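Colleague: Pasting in a structure now, in structure tokens, and then I'll have a few things to ask.
All of the numbers you see were taken from the coordinates with simple rules; none came from a lab. Just so it is clear, the model here is predicted, and its values are computed rather than measured. Backbone-built Cβ (ideal geometry, glycine too); neighbour counts: all protein chains shown.
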Amino acid sequence: MDTITKSGISRRGRRAAIWTGAVVLAIVMVHGRGENRTTEFYDHFLDLGAALDTFQGRGFNILMIDLRAHGLSGGVDSAWGIGERHDVEGAVDWIKGQGFQPGSIGALGASLGATSCVYAAADDPDISALVTDGAWVDEYASLERGWKRSSGTPQFFFPAARWMERVLYGYDLHMLRPVDAMKRIFPRPVLLIYGLLELPAESDRRPQIKAALPDAELWVVPDAMHTGAYTKVPQAYLAKVGAFFEKNLK
């Protein structure tokens with residue numbers, strides 16, 4: 001168990017591999033909202049962390065972290081990935097401190113973790129390859145559209161909620177557009193994974209993603225829900241993700 005700090009918040013990480021030997025590639029794995037490093041990758045995602053650790057007999061060094069306000073990490077409030085990007089960047093800094101070179105470090109995130117990784121990769125060029133599963137695209141628009149249904153309050157309260165977020169947490173809900181951060185990741189390789197039930201063919205998010213990351217690989221898994229691709233096709237998921245990191249990390 002290791003303590004990783006950045007921005008004054010203590011985060012906890014667990015190594016799923018030994019940082020020695022011939023394996024020189026490392027992946028930060030980042031869970032979603034309401035999960036933690038164990039429930040996400042050894043429960044919801046079955047045994048993905050362990051499978052990547054031993055992928056093709058070579059595997060990757062895996063560091064799974066608890067985001068702020070989750071698991072054993074410090075902090076009280078989740079910050080839509082904008083604040084959590086510092087957690088991911090802190091994990092990358094910690095990995096570099098173990099002797100890994102920037103070109104050998106990748107990141108894989110699910111849901112909130114995927115969005116956090118998008119923001120982190122946009123800021124940190126040492127994240128050399130990125131896999132996102134269920135990354136958000138334009139959360140501000142989604143929040144505004146679904147405000148009445150999700151909050152149970154009239155629509156005219158939405159501007160007040162936006163103001164309160166800015167006062168209490170220091171960011172504007174209007175900033176919740178991961179698609180803008182995606183534009184800053186190019187030319188590094190990105191694999192974007194979605195379930196077809198969350199990103200149907202007619203979704204207006206598809207052209208937004210394509211415009212932001214025209215060279216990224218988009219894999220949409222039939223009959224899968226949000227972050228449900230691994231559960232639906234575990235062997236295909238492992239093969240695609242493992243091959244992606246093997247190709248793009250060195």
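Colleague: First select every other residue whose beta carbon is under 12 angstrom from the beta carbon of Gly195; then total the charges, Lys and Arg +1, Asp and Glu -1. Intermediate values should be presented prior to the final figure.
Modeller: On the way: positive: Lys232; negative: Asp133, Glu198, Asp223.
Result for the neighbourhood of Gly195: -2.
Colleague: Listed highest first by mean packing, meaning other Cβ atoms within 10 Å per residue, what order do 195-206, 228-239 come in? Before the final figure, lay out the partial values.
Modeller: Numbers: 195-206: 14.3, 228-239: 17.5.
Result, highest mean first: 228-239, 195-206.
Colleague: Quick one: Karplus J couplings for region 240-250, per residue in order, coefficients 6.51, -1.76, 1.60, θ = phi - 60°, nearest Hz, x for Gly and Pro?
Modeller: Once θ is set to phi - 60°, the couplings for region 240-250 become 5, 5, x, 5, 4, 5, 4, 6, 9, 10, 8 Hz.
Colleague: Residue by residue through region 189-206, which ³J(HN,Hα) values in whole Hz follow from phi under the Karplus form 6.51 cos²θ - 1.76 cosθ + 1.60 (θ = phi - 60°), with glycine and proline marked x?
Modeller: x, 9, 10, 9, 10, 9, x, 4, 6, 9, 9, x, 4, 8, 4, 6, 6, 4
Colleague: Now, a different point. Quick one: which residues, 5 or more positions from Leu25 or on another chain, have an amide H under 5 Å from its amide H? H modelled 1.01 Å from N in the peptide plane, none for Pro or chain starts.
Modeller: Asn61
Colleague: Then there is this: Short version: ³J(HN,Hα) in whole Hz for each residue of region 24-29, in order, from phi by Karplus 6.51 cos²θ - 1.76 cosθ + 1.60 (θ = phi - 60°), x for Gly and Pro, what are they?
Modeller: Each residue's phi maps through the Karplus curve to give 10, 10, 9, 10, 8, 10 Hz.
Colleague: Could I ask something else about it? Tell me which residues come under 5 Å, amide H to amide H, from Val30 once H is placed; ignore anything under 5 positions away on its chain.
Modeller: Leu108, Gly109, Ala110
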